[in-house]
Structures are given as C-alpha cells and as structure tokens.
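> This is the structure I have questions about; it appears just below.
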Amino acid sequence: MSLQALYDLPAPAKLNLFLHVIGRRADGYHLLQSAFVLIDWADTLHLECRTDGQLLRHDLGPALPANDLCLKAARSLQQASGTTYGADISINKSVPWGAGMGGGSSDAATVLLGLNRLWGLGWSRERLLTLGLTLGADVPFFIGGRNAFVEGIGEQLTPIEVPPQWLAVVKPPEAVATAEIFSSPLMTRGTKSATVAGLLADMQQRATVPKDKHHGASKEAFFGRNDLQPAAQAICPGVVQVARWLEGRFGNSRMTGSGSAVFASAGTGDQPVATWPEGELPQGWVGRMCRSLARHPLDGWAG
C-alpha cells in the first residue's frame, strides 16, 4: 500500500428540487419520486491509514454522535473487505444536520470512496453502491456521483443533467423528525407519478426564461412540489418563517427533503439574481448562496 493519507476530501450536500409521495409499499415504506441535485456546500474529511485496525473519528468542528454514519460506513467496509487496515477519520462539519440536505449520508459516501482508495481495495462503484444502501437510502446517490431522478425509497437512481443554477439555502434552528412528518395527516399521499422526460423538459424550459422573468417566477420556480412541506410547516414554525424570508428576497422557496432547510432559486446566470443578504439572517439561522454541481467532486474514484 503506497497511500498513507488522503486530505481535504469533500462531502457535498444535496437538495431535493421536488419530492412527491406516490404510494406505499406492503412493508409500510412510502414510495417517493424526487430530483436530487448536488451543491457546493460541503463537509471536509481527512483520512489517515492505521495498521492496527482501529477506526477512530476526530471532530474538527461541532461534535458528532459517538457512532455516527462515518464510523458505521468505515466499519462496514472494513468487515466486508476483510482488510486489516484501520483509519483516523477527521471531519470538519459544515453542512447542518437535521436539514434534509443529506449531510450524514454524504459523509458516509465520502468515507467509502476514500477508504476504498486508501486501503487499496479496488472495489467497483456497483459494489460500493450495494454496501452504501445498507447504511441509508441516500448514500448510494452520493456514491453514484451524478445528479439524479430518484424513485422507490431512494434507491432507484437515473442520472440526469441539471442546468447550472444558484440556490439560496437557509436552515432554521429547529430540526424536524422525519417519522413525525410521515405519520401526519397533512402529508400529501398518492401524487401522480412523474417521468424523467417530463422533469427534464420542464427544467429545460425554465432554463431558457430570461433572467428578469426568472426572478419573478415566484413559487413556480421548480418542477412539482414537496409533499412533506405542509406537515413539516405545521410541526416546525421555523420552516414557515424561512420560506417567507426567502420568498421576500428571491420570489420563491421550497423545503428540501423532510426539512428543515428551505431553498430558493436565485438564477441560472454567471451571477445570482440577488446578492446574499450578509448579516440579515436571524439569530440561530444558518445559510449561504450555493451553486449546483454537475458531478460529485470524487466522481471517478470507483470504477
């Protein structure tokens, strides 16, 4: 083994451009459709190889739970591969948790991609995808490396090309319990199925709207809707407050995933249609102006 360490590995967040609940499986899991897009708001991980087999995590920012998804991912890969190597995993957490942005799943995917290379395993992308699904439904998306039309419970991925765009993202202090949302009578169920072709045609049409009209697109800035948002707003007033705040500045808003982060379209040109309001975020809110990514920064790290 020639590699001893890998530094500054990015773990980008994602946003759900839309999220529809189209049915339910016999085992109770809801069937979803969504479009996941990668953004440049990312955590940063450093991996250092150990020869004693130990797996240790070091928090360079906010403290994470003792047995977080990064360690679970490393342990799963270590056991499945039979390697005798271990690793020191250092993480600088930037993406807020409890936001619906997939931060923990992205960290786990970056650990799998990085340790696959650091330990010299040579696993294929398909093999990592299978292992990633055992950790969480969003992990395969980040391993896949491409923006995607997502179906099933999150495991069925169809890569799509998403026009480059600016996205203003804000999370209130509160998090939303996903189980509480899915049990809410306010959650929309049985939405008509969408198609990849319909989504792509809609995105292409919106991408050709002139900048001034795009800014005035209001709540029609994105395809479909988020079927979880009414339930989340009833549970978490912060989602309502952030949505109104973004609508007042960018003319549109939508919650991502099961919340509580909300985002707004801020244009598709070289610069956003409105500047980020520095210093205006209420206390406890976190947010930034983000750019969509065409590929995961570690795309190509697995065959």
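The values are calculated or read from the model by the stated rules, or taken from the named source; none is laboratory data. No experiment lies behind these values; they were computed from the predicted model shown. Cβ coordinates were reconstructed from backbone atoms using ideal geometry, including for glycine residues, and neighbour counts include every protein chain displayed.
> Run GLU174 past the list (1) acidic (Asp, Glu); (2) modelled with pLDDT of 90 or more; (3) more than 18 Å from MET101 (Cβ to Cβ) and report the number of the one that doesn't hold.
Checking GLU174 against (1) acidic (Asp, Glu); (2) modelled with pLDDT of 90 or more; (3) more than 18 Å from MET101 (Cβ to Cβ), the one that fails is (3).
> Specify which of the listed residues (SER76, SER90, SER34) is in a strand (DSSP E or B), farther than 30 Å from SER253 by Cα and of a type in the set (S, T, N, Q).
Result: SER90 is the single residue among SER76, SER90, SER34 that is in a strand (DSSP E or B), farther than 30 Å from SER253 by Cα and of a type in the set (S, T, N, Q).
> Based on what the data block shows, is ASP8 in a strand (DSSP E or B), within 16 Å of TRP301 (Cβ to Cβ), of a type in the set (D, E, K, R) and under 22 Å from the mean Cα position of the chain (by Cα)? I'd like the intermediate steps shown before the answer.
Working: in a strand (DSSP E or B): yes; within 16 Å of TRP301 (Cβ to Cβ): yes; of a type in the set (D, E, K, R): yes; under 22 Å from the mean Cα position of the chain (by Cα): yes.
Yes: the conditions hold for ASP8.
> While we're here: Could you go through segment 147-154 and let me know if any residue there is crowded, with 17+ Cβ neighbours inside 10 Å, under 13 Å from the mean Cα position of the chain (by Cα) and in a loop (DSSP other than H, G, I, E, B).
yes
> Now, a different point. Give segment 140-172 a look and list any residue that's touching a helix residue (DSSP H, G or I) at 6+ places or on another chain (Cβ under 9 Å) and on the phi > 0 side of the Ramachandran plot, or say none.
Selection gives GLY145, GLY154.
> In addition: Considering segment 28-74 alone, what residues qualify as being of a type in the set (Ser, Thr, Tyr) and either free of Cβ contacts under 8 Å to residues at least 40 places away in the same chain or surrounded by fewer than 22 Cβ atoms within 10 Å (Cβ to Cβ) (or both)? So that I can check it myself, show each step before the final result.
Step one: of segment 28-74, the residues of a type in the set (Ser, Thr, Tyr) are 29, 34, 44, 51.
Scanning segment 28-74 gives TYR29, THR44, THR51.
> Are any of the residues in segment 87-106 farther than 25 Å from PHE263 by Cβ, touching a Ser or Thr at 6+ places or on another chain (Cβ under 7 Å) and not charged (D, E, K, R)?
Step one: list which residues in segment 87-106 are farther than 25 Å from PHE263 by Cβ, which gives 87-90.
Filter again for touching a Ser or Thr at 6+ places or on another chain (Cβ under 7 Å), leaving none.
The answer is no; no qualifying residue exists.
> Would you pick out the residues in segment 160-187 that are over 15 Å from the mean Cα position of the chain (by Cα) and part of a strand (DSSP E or B)?
Answer for segment 160-187, where residues must be over 15 Å from the mean Cα position of the chain (by Cα) and part of a strand (DSSP E or B): just TRP166.
> Ok, one more. I'd like to know if segment 166-179 contains one or more residues that are of a type in the set (D, E, K, R), touching a residue at least 24 places away in the same chain (Cβ under 8 Å), within 29 Å of VAL286 (Cβ to Cβ) and crowded, with 20+ Cβ neighbours inside 10 Å. If you could, list the steps in order and put the result at the bottom.
Keep residues of segment 166-179 that are of a type in the set (D, E, K, R), which gives 171, 174.
Going one step further and asking which of them are touching a residue at least 24 places away in the same chain (Cβ under 8 Å), we end up with 171, 174.
Still in the running and within 29 Å of VAL286 (Cβ to Cβ): 171, 174.
Pick out the ones that are also crowded, with 20+ Cβ neighbours inside 10 Å and you get 171.
Within segment 166-179, one or more residues are of a type in the set (D, E, K, R), touching a residue at least 24 places away in the same chain (Cβ under 8 Å), within 29 Å of VAL286 (Cβ to Cβ) and crowded, with 20+ Cβ neighbours inside 10 Å.
> Ok, one more. Out of all the residues in segment 100-119, is one or more more than 25 Å from LYS14 (Cα to Cα) and among the small types (Gly, Ala, Ser)?
No - not one qualifying residue is present in segment 100-119.
> Where residues in segment 79-109 are crowded, with 19+ Cβ neighbours inside 10 Å and of a type in the set (Val, Ile, Thr), which of them is farthest from CYS236 (Cα to Cα)?
The residue in question is ILE89.
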